[in-house]
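The structure appears right after this line, and notes come after that.
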Amino acid sequence: MTHPRMGRNEELFARAQRCIPGGVNSPVRAFRSVGGTPRFIARAQGPYIWDADGRRYIDLVGSWGPMIVGHAHPAVLEAVNRAARDGLSFGAPTEAEVEFAERLLRMLPSIEQVRLVSSGTEATMSAIRLARGATGRAKLIKFEGCYHGHADALLVKAGSGALTFGNPSSAGVPPETTQHTIVLDYNDCEQLKDAFDRMGAHIACVIVEPIAGNMNLVRASEEFLQTMRQLCSRHGALLIFDEVMTGFRVARGGAQSLYAIVPDLTTLGKVIGGGMPLAAFGGRRDVMAQLAPLGPVYQAGTLSGNPVAVACGRATLELVEQPGFYETLAARTQSLVNGLVQEAKEHRQAFTADSVGSMFGLYSSLQVPRSFAQVMACDKERFNRFFHAMLERGVYLAPSAFEAGFVSIQHDEAVLAQVVQAAHEAFSEISR
Ligand code: KE4
């Protein structure tokens with residue numbers, strides 16, 4: 001199935017670039033990694049999105065994670081409309097926020113208290129400030145390939161040596177802002193032990209994606225996370241699980257339930273907002289008590305706990321808590337991965353795939369990567385050819401070889417079979 005020449009998308013992209021930097025409000029949307037013109041989405045429903053030319057795609061990005069119940073779910077829209085009719089924002093506490101906070105505490109027992117914010121970046125930025133305030137220490141450890149939003153202290157690439165402090169990975173971030181950020185290799189226990197041996201008394205926190213999704217999907221080893229937990233406890237540092245992507249995505253209890261590790265703080269976003277601006281950070285009561293107005297660590301937000309966003313998130317979490325939701329979703333995602341791997345093999349294409357719950361990785365490589373270096377060794381050009389061959393066949397993959405993909409409960413077997421059929425044709429095309 002090929003599509004007529006693009007019209008409206010190119011028109012809109014040209015117009016957008018005149019008034020918005022790069023024509024997008026978030027860089028990855030610009031298709032610069034895969035080339036070509038980004039699709040301007042006009043509407044979405046269930047597993048589908050439609051672009052400005054009216055072309056339909058099976059959506060495997062799901063707004064980068066939030067749309068786990070599918071687009072425009074009737075129950076979610078009804079909840080949003082009902083809340084909106086009662087007003088959009090009050091800048092005052094509401095019962096809905098209390099109920100939502102109680103729901104989060106019930107779903108993630110490691111969270112004893114929680115604060116709602118409006119984006120994942122705000123959640124991680126606040127969690128780091130809180131960790132630094134609660135411990136009185138400045139240093140933080142993150143891992144190359146993990147993304148935690150765009151707060152200054154986190155826009156850091158690995159220094160020349162593993163233990164040198166991070167260098168800013170963005171202009172506009174003064175070196176003194178990142179001088180306390182140590183960047184280590186993901187899944188490298190020796191580097192972690194070495195960092196704590198040398199600086200344990202100065203480390204406020206370790207922040208990690210317990211299953212990485214921002215360098216494509218890379219699973220943490222049990223040993224890596226257990227070592228991290230032990231070292232933080234021994235040295236009085238706080239362990240922050242950034243579950244903005246994995247929370248309520250990889251399992252009902254997030255990645256922390258899969259690894260049976262109790263972090264000191266957890267950050268959440270995406271799924272908990274159901275597509276609206278809602279994120280959160282929470283954890284140990286003694287640590288959260290350091291936050292204003294109780295304690296000395298300041299954090300605030302005009303739209304924090306916004307009633308309409310909370311209604312959207314609540315309706316979404318009510319749906320994901322239904323019996324069998326995660327089991328069904330994981331099984332379907334596994335069947336998609338199996339189908340893609342099978343098609344790659346049949347076409348002798350060096351692709352493989354992996355999934356955890358309804359988050360999946362598709363790698364232009366013969367091995368499932370377990371490190372940032374292995375991800376970087378993937379054949380990006382080959383991925384890009386496959387990406388466009390799939391796009392032409394009505395399947396919208398993440399527009400980067402280094403991003404995870406997402407399946408919703410509305411992607412039933414018939415829809416996923418269409419994805420596998422498109423892959424059959426796409427692999428055949430790029431094999432020519
Ligand atoms: P936001 O500020 O984009 O809501 O969340 C930042 C964030 C924090 N932590 C993790 C683990 C995340 O994955 C993210 C955001 N993820 C990207 C997807 N690669 C958002 C997409 C984008 O930047 O447009």
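The values are calculated or read from the model by the stated rules, or taken from the named source; none is laboratory data. No experiment lies behind these values; they were computed from the predicted model shown. Cβ atoms come from the backbone with ideal geometry, glycine included; neighbour counts cover every protein chain shown. The protein model used for the area step is the full one, side chains on, heavy atoms only, and it has no ligands, DNA or RNA in it. Shrake-Rupley method; radii C 1.70, N 1.55, O 1.52, S 1.80 Å.
Results, tabulated for the structure shown:
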{"item": "Residue ranges of strands (runs of 3 or more DSSP E) in region 188-293 with at least 3 members of a type outside the set (S, T, N, Q) and either at positive phi or in contact with a helix residue (DSSP H, G or I) (Cβ under 6 Å, 6 or more places away or on another chain) (or both)", "result": "203-208, 238-242, 279-283"}
{"item": "Test: residue in region 51-64 that is more than 30 Å from Glu381 (Cβ to Cβ) and open to solvent by 60 Å² or more (accessible area, probe 1.4 Å)", "result": "no"}
{"item": "Of all residues making up region 45-72, the number that are within 16 Å of Leu391 (Cβ to Cβ), outside any loop (DSSP other than H, G, I, E, B) and more than 16 Å from the ligand (Cβ to nearest atom)", "result": "6"}
{"item": "Enumeration of residues in region 275-288 that are within 13 Å of the chain's Cα centre (by Cα) and open to solvent by less than 10 Å² (accessible area, probe 1.4 Å)", "result": "Ala279"}
{"item": "Test: residue in region 254-264 that is touching a Ser or Thr at 6+ places or on another chain (Cβ under 7 Å), within 26 Å of Met359 (Cα to Cα), within 16 Å of the ligand (Cβ to nearest atom) and small (Gly, Ala, Ser)", "result": "yes"}
{"item": "Output for region 201-237, where each listed residue is closer than 28 Å to Trp64 by Cβ, open to solvent by 10 Å² or more (accessible area, probe 1.4 Å) and out of contact with any Phe, Trp or Tyr (no Cβ under 8 Å at 6 or more places or on another chain)", "result": "Arg219, Ser221, Arg229"}
{"item": "Candidates Leu291, Leu317, Leu258, filtered to the one that is open to solvent by 20 Å² or more (accessible area, probe 1.4 Å) and in contact (Cβ under 8 Å) with a residue 24 or more places away in the chain", "result": "Leu258"}
{"item": "Index of the failed condition, Arg137 passing every other in (1) more than 14 Å from the ligand (Cβ to nearest atom); (2) assigned to a loop (DSSP other than H, G, I, E, B); (3) of a type outside the set (Ser, Thr, Tyr); (4) closer than 26 Å to Ser89 by Cα", "result": "(4)"}
{"item": "Filter result for Phe143 (within 16 Å of the ligand (Cβ to nearest atom), modelled with pLDDT of 95 or more, open to solvent by less than 40 Å² (accessible area, probe 1.4 Å) and more than 30 Å from Glu392 (Cβ to Cβ))", "result": "yes"}
{"item": "Close pairs (9 angstrom Cβ cut-off, 6 or more residues apart or separate chains): at positive phi in region 391-414, part of a loop (DSSP other than H, G, I, E, B) and away from the ligand (no atom under 16 Å from the Cβ) anywhere", "result": "Gly394/Met1; Gly394/His3; Gly394/Arg55"}
{"item": "Sole residue being among the small types (Gly, Ala, Ser), open to solvent by less than 30 Å² (accessible area, probe 1.4 Å) and within 16 Å of the ligand (Cβ to nearest atom), chosen from Ala153, Ala101, Ala83", "result": "Ala153"}
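A quick yes/no check of all residues on (1) hydrophobic (A, V, I, L, M, F, W, C); (2) surrounded by 16 or more Cβ atoms within 10 Å (Cβ to Cβ); (3) at pLDDT 95 or above; (4) under 18 Å from the mean Cα position of the chain (by Cα):
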residue	(1), (2), (3), (4)
Asp354	no, yes, yes, yes
Ser358	no, yes, yes, yes
Glu381	no, no, yes, no
Ala389	yes, yes, yes, no
Arg393	no, yes, yes, no
Gln421	no, no, yes, no
